[in-house]
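All remarks here apply to the structure that follows.
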Amino acid sequence: MATILFAAGGTGGHLYPAIAIAEEIRKKEPKATIAFVGTKEKIEARVVPQKGYQFHAIWISGFSRRLKVKNILFPLKVIVSLFQSFFLIKKVHPDVVVGTGGYVCGPVLFVASLLGIPTVVHESNSYPGVTTRMLASKVSKVFITFEVTKKWISSSANVECVGTPTREELSLVSRTDGSRFFGLDPNKKTLIAFGGSLGAASINKAMQEVVEDAIAHDYQIIWQTGDADWQSANAVQQHANIKVMKYVDRMDCGYAAADVAISRSGATTLAELTRLGKPAILVPYPFAAANHQEMNAQTMVESGAAVMIKDSELQGTLLHTVRELLFNENKCAEMREKSLLLGKSNAGCEIAEKVLAMKK
């Protein structure tokens, strides 16, 4: 019976690929022991127990590129998290340790590699994060989503391009059930807007105009604002057609209810959109490392699966684009078809098989 430890969290983009792999492992080995390690403050502390997996916390955070007081604690956090990872691994006795990018992976995968335990890091984005680049030559395998990622990873790494895993549950909800979850009418055109698990201030600002248009022209919006903008957005948008939420826990229902999505272009989001064939208006995060979100979005645009608006051009442009796309049945159908061609719905299954094959 396998024991698999996942190091994942910080954002939904790092957590949900790990959950997708865990779900596939559970299907293949129902008696497998699956545990997650993350932090107490982020999304993983809430979502992982909800999914029925063991959760362990370590004391670690990212290092801000800007001058911030919290950076002073970073060296201490690294040292503490390395010791915590050592004792956790000794307690759990994993056969394989899997990380899906982000700072949570660093200490856990580093310690596991020193202990001779098979290790995997999965990188969803075209440009690999700092943690992935640091770990690539130390782990047993590196799984990537884009072929171009190889040029930024150590030549000594064992790299395979497999795609980004997505959760099967995303495909199991009907439009009617998804709409009812939010108290919306399945017969009305519906837009879902989100800027990742933390929200996006620029998207939220541009959405104010779209919301007014939705109320005037009787279409619906599911709007995930993140915590920072929720109170101000919710206070002014009290209407049956508009659902304003800090965080959408049931993204399966959100995607199912929506005709078109407005989002950032992180790799996990794109993997989910293409699994479902969801027409999208992509707004790349302008400060992403090596501008990788724009690179991700450009792949979708060139394939005809999405349109892209730069963050600096959102005001006014967003509403015009929504109007052009949401009620254009032919355009949406064409984008849906192109999007599905890009989707790699089998990525999670493939990675799960490879992980289980690594057991000693």
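Figures for the structure shown
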item	result
Residues of the stretch 146-173 satisfying the condition of being among the polar types (S, T, N, Q), farther than 16 Å from His292 by Cβ and part of a loop (DSSP other than H, G, I, E, B)	Ser154, Ser155, Ser156, Asn158, Thr166
Hits in the stretch 105-130 - residues which are free of Cβ contacts under 8 Å to residues at least 60 places away in the same chain, touching a strand residue (DSSP E or B) at 6+ places or on another chain (Cβ under 6 Å) and under 19 Å from Cys161 (Cα atoms)	Thr119, Val121, Glu123
Answer from Asp249, Asp229 - the residue that is more than 24 Å from Gln315 (Cβ to Cβ) and at pLDDT below 95	Asp249
Every residue from the stretch 155-202 that is surrounded by fewer than 16 Cβ atoms within 10 Å (Cβ to Cβ) and of a type in the set (Ser, Thr, Tyr)	Ser155, Ser156, Ser171, Ser174, Thr176
Residue check for Lys205: modelled with pLDDT of 90 or more and in contact with a strand residue (DSSP E or B) (Cβ under 6 Å, 6 or more places away or on another chain)	no
The stretch 133-154, residues that are of a type in the set (A, V, I, L, M) and buried (at least 22 other Cβ atoms within 10 Å of the Cβ)	Leu135, Ala136, Val139, Val142, Ile144
Meets criteria (more than 24 Å from Asp185 (Cα to Cα) and in contact with a Lys or Arg (Cβ under 7 Å, 6 or more places away or on another chain)) for Pro279	no
Subset of the stretch 114-132 (residues that are surrounded by fewer than 19 Cβ atoms within 10 Å (Cβ to Cβ) and part of a helix (DSSP H, G or I))	Leu114, Val130
Filtered residue count, the stretch 340-360, keeping only those that are buried (at least 16 other Cβ atoms within 10 Å of the Cβ) and polar (S, T, N, Q)	1
Selected residue (only one of Val97, Val111 is closer than 15 Å to Val139 by Cα and not in a helix (DSSP H, G or I))	Val97
Selection from the stretch 344-360 of residues that are at pLDDT 90 or above and in contact with a helix residue (DSSP H, G or I) (Cβ under 9 Å, 6 or more places away or on another chain)	Ala347, Gly348, Cys349, Glu350, Ile351, Ala352, Glu353, Val355, Leu356
So Gly106, is it of a type in the set (Gly, Ala, Ser), under 22 Å from Val142 (Cβ atoms) and surrounded by fewer than 22 Cβ atoms within 10 Å (Cβ to Cβ)	no
Unique residue being among the β-branched types (Val, Ile, Thr) and modelled with pLDDT under 90 when the list is Val69, Val98, Val37, Val47	Val69
Residue in the stretch 189-208 that is outside any helix (DSSP H, G or I) and among the hydroxyl-bearing types (Ser, Thr, Tyr) present	yes
Meets criteria (part of a helix (DSSP H, G or I), of a type outside the set (A, V, I, L, M, F, W, C), in contact with a Ser or Thr (Cβ under 8 Å, 6 or more places away or on another chain) and within 19 Å of Leu270 (Cβ to Cβ)) for Ser339	yes
Qualifying residue in the stretch 43-64 (condition: closer than 25 Å to Asn346 by Cα, touching a strand residue (DSSP E or B) at 6+ places or on another chain (Cβ under 7 Å), buried (at least 24 other Cβ atoms within 10 Å of the Cβ) and in contact (Cβ under 8 Å) with a residue 40 or more places away in the chain)	yes
Where a residue in the stretch 214-235 is surrounded by fewer than 13 Cβ atoms within 10 Å (Cβ to Cβ) and its partner, wherever it lies, is at pLDDT 80 or above and in a loop (DSSP other than H, G, I, E, B), with Cβ under 6 Å and at least six apart	Asp227/Lys246
Out of Glu272, Glu324, Glu337, sole residue that is buried (at least 18 other Cβ atoms within 10 Å of the Cβ), under 29 Å from Pro186 (Cβ atoms) and not hydrophobic (A, V, I, L, M, F, W, C)	Glu272
Top-ranked residue of the stretch 254-305 - restricted to ones that are closer than 23 Å to Asn330 by Cβ, in a helix (DSSP H, G or I) and among the charged types (D, E, K, R), ranked as nearest to the chain's Cα centre (by Cα)	Arg275
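The values are calculated or read from the model by the stated rules, or taken from the named source; none is laboratory data. Every value quoted in this text rests on a predicted model; they were computed, and no experiment measured them. Here Cβ is always computed from backbone atoms with ideal geometry, including for glycine, and neighbour counts include all displayed protein chains.
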